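Following: one structure in structure tokens, then a few remarks.
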Amino acid sequence: MMVDNQRFKDVLLSLGAAMSHGVPTGLHRIQLQKFIYLQDVLITAWREVAKPSAFVPWNRGPYDRQIQNAVDALAFRGFVEVSNLVFRGTRNASSTYRLSSDGRNALGSIRKDITIEVEFALAEEIAREIERRGWSDIVDLVYAEPTYVSARNRDDARSLRTSDPNENITTQIIRAFQRAWTEGPTQQVSPDCFVQIAFLVLDEYRHSNKREKLDK
């Protein structure tokens with residue numbers, strides 16, 4: 001299978017990782033959007049530590065229309081199975097996605113590329129951390145991601161430039177951890193350690209927001 005669309009790859013990686021870690025029946029539409037958003041943020045940060053996004057701060061959190069277009073196209077081609085489809089009105093529908101057998105074969109094929117294999121390893125680590133917290137909390141986790149929080153607080157309608165390390169606030173936070181590592185005996189951060197630290201940042205932001213609401 002030729003991955004002729006960047007988001008085709010992202011959908012395959014995210015559904016493959018999620019099906020291995022807590023959601024064998026597949027991801028809902030919103031969960032898919034949020035999972036890929038976390039991948040975009042953390043993969044950019046990982047590239048900085050280990051040496052194009054079109055998300056916008058939509059009313060239900062970061063949303064990229066290209067993801068929906070990609071999963072629809074993959075479903076049409078038989079690589080993704082769609083279930084629990086419910087229409088609630090114009091541009092308002094819910095459904096669940098999982099890889100078909102052809103989709104799993106396609107994922108295995110593209111993972112032969114070492115760059116994609118590294119991204120898939122990170123996607124699996126992200127899925128594992130989400131599974132530990134519960135997939136039902138994925139929206140809260142994304143709402144606590146510093147890049148999104150900053151844009152939402154500014155009421156900024158521009159695209160969230162997660163692929164730009166200088167715009168990706170999570171990358172800037174991870175850089176601080178990296179500086180601490182390089183000053184010590186450990187020169188390289190493992191992917192699982194990196195993702196665990198990133199999720200500790202998300203947890204702290206999430207818990208801080210809850211504390212602020214309780215104080216009001």
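The values are calculated or read from the model by the stated rules, or taken from the named source; none is laboratory data. Given the structure is predicted, the values throughout are model-derived calculations rather than measurements. Please note: Cβ atoms are built from the backbone with ideal geometry, for glycine as well, and neighbour counts cover all protein chains shown.
For the range 72-87, give me each residue that is exposed (fewer than 14 other Cβ atoms within 10 Å of the Cβ) and touching a strand residue (DSSP E or B) at 6+ places or on another chain (Cβ under 7 Å).
Answer for the range 72-87, where residues must be exposed (fewer than 14 other Cβ atoms within 10 Å of the Cβ) and touching a strand residue (DSSP E or B) at 6+ places or on another chain (Cβ under 7 Å): SER83, ASN84, LEU85, VAL86, PHE87.
From SER95, SER100, grab the single residue that is hydroxyl-bearing (Ser, Thr, Tyr), in contact with a strand residue (DSSP E or B) (Cβ under 6 Å, 6 or more places away or on another chain) and more than 21 Å from ASP64 (Cβ to Cβ).
Working: SER95 fails: more than 21 Å from ASP64 (Cβ to Cβ).
Exactly one residue qualifies, and that residue is SER100.
Only helices (runs of 4 or more DSSP H) wholly contained in the range 119-197 count here; list those with 2 or more residues that are modelled with pLDDT of 85 or more and either out of contact with any helix residue (DSSP H, G or I) (no Cβ under 6 Å at 6 or more places or on another chain) or not charged (D, E, K, R) (or both).
On the way: elements: 138-143, 146-153, 169-182.
Output list reads 138-143.
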